[in-house]
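Here is the structure we will look at.
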Amino acid sequence: MAAGLHSRLTTFLLLLLSALPFIAAAAPSSGCGKGPTLYNGQTVTTNINGKSRRYTVRLPDNYNQNNPYRLIFLWHPLGSSMQKIIQGEDPNRGGVLPYYGLPPLDTSKSAIYVVPDGLNAGWANQNGEDVSFFDNILQTVSDGLCIDTNLVFSTGFSYGGGMSFSLACSRANKVRAVAVISGAQLSGCAGGNDPVAYYAQHGTSDSVLNVAMGRQLRDRFVRNNGCQPANGEVQPGSGGRSTRVEYQGCQQGKDVVWVVHGGDHNPSQRDPGQNDPFAPRNTWEFFSRFN
């Protein structure tokens with residue numbers, strides 16, 4: 001009887017723990033406990049493979065050098081720029097909100113944001129140079145500011161989604177989770193066999209990057225993360241409303257979430273009757289799972 005009770009209690013506790021958000025010990029960077037060497041709004045210039053590159057850093061209000069912050073990379077789409085991500089564009093015309101709409105959702109001011117600028121307004125990642133750019137930024141920010149190196153995230157739309165996917169492939173040991181918005185394999189996929197928490201959304205009427213391209217990226221991390229494949233493809237709801245799939249059986253902390261909607265190639269897609277795009281809140285909810 002006692003043995004049976006112990007077994008049931010153990011099973012209950014395991015189920016309870018599996019339902020909790022994934023929590024890992026913080027990994028403070030070398031910049032913690034020191035005066036910052038980067039400041040809010042600073043544009044940093046560096047050299048990668050003999051080419052001048054630049055990025056901008058956004059710090060939270062009342063930055064605390066003893067608090068390890070999450071670090072979020074924001075990659076712009078083709079033809080856009082670092083400045084357009086910072087300033088934002090008209091979401092009613094297919095533009096992104098400033099910083100992909102994430103800072104207003106970060107009510108606890110828990111994140112530092114990095115916005116890189118692409119070569120030729122894109123992320124061709126020739127000979128891995130954009131991944132090297134990521135490595136350079138991560139090292140500089142880790143040394144100059146206090147971040148939690150276990151909480152590095154990446155998101156972007158279109159080409160920026162392709163760049164986030166590329167990092168999930170090649171830097172699975174550095175990136176905690178990615179959010180790929182209407183992406184495709186545009187920036188390569190070196191490696192690509194390790195698990196990374198993966199959120200993605202795509203429109204079934206996407207006239208630039210077919211939804212099949214987004215599904216292909218998703219399926220790689222369904223496999224890598226050990227998730228159970230879904231039983232057929234879900235479709236958008238009434239009026240093109242977004243439908244969300246939370247994959248089951250994934251490795252702990254390696255969630256996969258897929259959102260499909262009826263719209264076109266649009267980072268600011270709204271559900272019928274809603275005033276705000278759903279990508280920002282979905283992305284923030286996903287990144288916030290990992291503490």
Item to check | Positive-end residue of Cys250, Ala200, Leu119, charge dipole of the chain with Cβ unit charges | outcome: Cys250
Checklist entry - Going toward the positive end of the dipole of the chain, with +1 on Lys and Arg Cβ and -1 on Asp and Glu Cβ, which of His76, Thr140, Ser30 do you reach last? => result Ser30
Checklist entry - Out of Ala177, Ala27, Ala124, any idea which swings most in a Gaussian network model of the chain, alpha carbons joined below 10 Å? => result Ala27
Checklist entry - Where nothing but the Cβ of Lys and Arg (+1) and of Asp and Glu (-1) is charged, how large is the charge dipole of the range 188-242 around its Cα centre, in debye to the nearest 20? => result 60
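Estimate the FRET efficiency between Ala26 and Glu246 by the formula 1/(1 + (r/R0)^6), using the beta-carbon distance for r and 35 Å for R0, to the nearest 0.05.
Details: r = 26 Å, r/R0 = 0.75.
Approximately 0.85, to the nearest 0.05.
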Item to check | In Hz, Karplus ³J(HN,Hα) per residue of the range 198-205 (6.51, -1.76, 1.60; θ = phi - 60°; x = Gly, Pro) | outcome: 9, 10, 8, 9, 7, x, 6, 9
Checklist entry - Charges only on Cβ, +1 for Lys and Arg, -1 for Asp and Glu: so what's the dipole of the chain about the Cα centre, in debye to the nearest 20? => result 320
Checklist entry - Which of the lysines could a cross-linker span from Lys84 if the Cα-Cα distance has to be under 29 Å and same-chain partners fewer than 8 positions apart are dropped? => result Lys51, Lys109, Lys174
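Assuming 0.36 nm per residue, please report the length gained on full extension of the stretch Ala212 to Asp135 beyond their Cα-Cα distance. Walk me through the numbers before you get to the answer.
Details: separation 77, 0.36 × 77 = 27.72 nm, distance 3.00 nm.
Difference between extended and current length: 24.7 nm.
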Checklist outcome for this item: For the Asn275, Thr46 Cβ pair and Förster radius 51 Å, calculated FRET efficiency rounded to 0.05 is 0.85
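Quick one: putting +1 on the C-beta of Lys and Arg, -1 on the C-beta of Asp and Glu, what dipole do you get for the range 113-195 around its Cα centre, in Debye to the nearest 20?
Working: 3 positive and 7 negative charges, 41 e Å.
Once rounded to the nearest 20, the dipole reads 200 debye.
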Checklist entry - Which value, in Å² rounded to 10, gives the accessible area of Ser108 with a 1.4 Å probe and all protein chains present? => result 90
Checklist entry - Any idea what the alpha-carbon Rg over 2.2 N^0.38 Å comes to for the chain? => result 1.02
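Let me make sure I get this right: for the range 76-164, a, b and c are the square roots of the gyration tensor eigenvalues over alpha carbons, sorted descending. Under 1.5 in a/c it's rounded, otherwise prolate if a/b > b/c, else oblate. Which is it? Numbers along the way, then the final one.
On the way: a/c = 2.20, a/b = 1.07, b/c = 2.05.
Since a/c reaches 1.5 but b/c is at least a/b, the shape of the range 76-164 is classed as oblate.
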Checklist outcome for this item: Reported to the nearest 10 Å², Thr46 has, with a 1.4 Å probe, an accessible area equal to 30
Checklist entry - Taking a ≥ b ≥ c as the square roots of the eigenvalues of the Cα gyration tensor of the range 40-109, is the shape rounded (a/c under 1.5), prolate (a/b larger than b/c) or oblate? => result oblate
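Accessible area per residue of the range 121-238 at 1.4 Å probe, in Å²? Each step should come with its number before you reach the end.
Details: 4020 Å² over 118 residues.
Per residue, the range 121-238 has an accessible area of 34 Å².
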Checklist outcome for this item: Rounded to whole angstrom, the alpha-carbon centroid of the range 55-130 lies from that of the range 187-252 at a distance of 23
Checklist entry - Among Pro98, Pro272, Ser288, which residue has its Cα positioned farthest towards the positive end of the charge dipole of the chain, with +1 placed on the Cβ of Lys and Arg, -1 on the Cβ of Asp and Glu, and the dipole taken about the Cα centre? => result Ser288
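Could you tell me which of rounded, prolate or oblate describes the range 97-148, using a ≥ b ≥ c as the square roots of the eigenvalues of the alpha-carbon gyration tensor, with rounded for a/c under 1.5 and, failing that, prolate when a/b is larger than b/c and oblate otherwise? Intermediate values should be presented prior to the final figure.
Values: a/c = 3.63, a/b = 1.43, b/c = 2.54.
Because a/c hits 1.5 or more and a/b fails to exceed b/c, the range 97-148 counts as oblate.
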Item to check | Under the Karplus curve 6.51 cos²θ - 1.76 cosθ + 1.60, θ = phi - 60°, whole-Hz ³J(HN,Hα) for the range 244-249, x wherever Gly or Pro sits | outcome: 10, 10, 9, 5, 9, x
Checklist entry - Which percent of the accessible area of the chain is formed by carbon and sulfur heavy atoms (probe 1.4 angstrom)? => result 49
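The values are calculated or read from the model by the stated rules, or taken from the named source; none is laboratory data. Please read all numbers here as calculations on a predicted model, not as lab measurements. For neighbour counting, all protein chains shown are included, and Cβ atoms are generated from backbone atoms with ideal geometry for every residue, glycine included. Just so you know, the surface numbers come from the protein's heavy atoms only, side chains and all, with ligands and any DNA or RNA stripped out. Shrake-Rupley method; radii C 1.70, N 1.55, O 1.52, S 1.80 Å.
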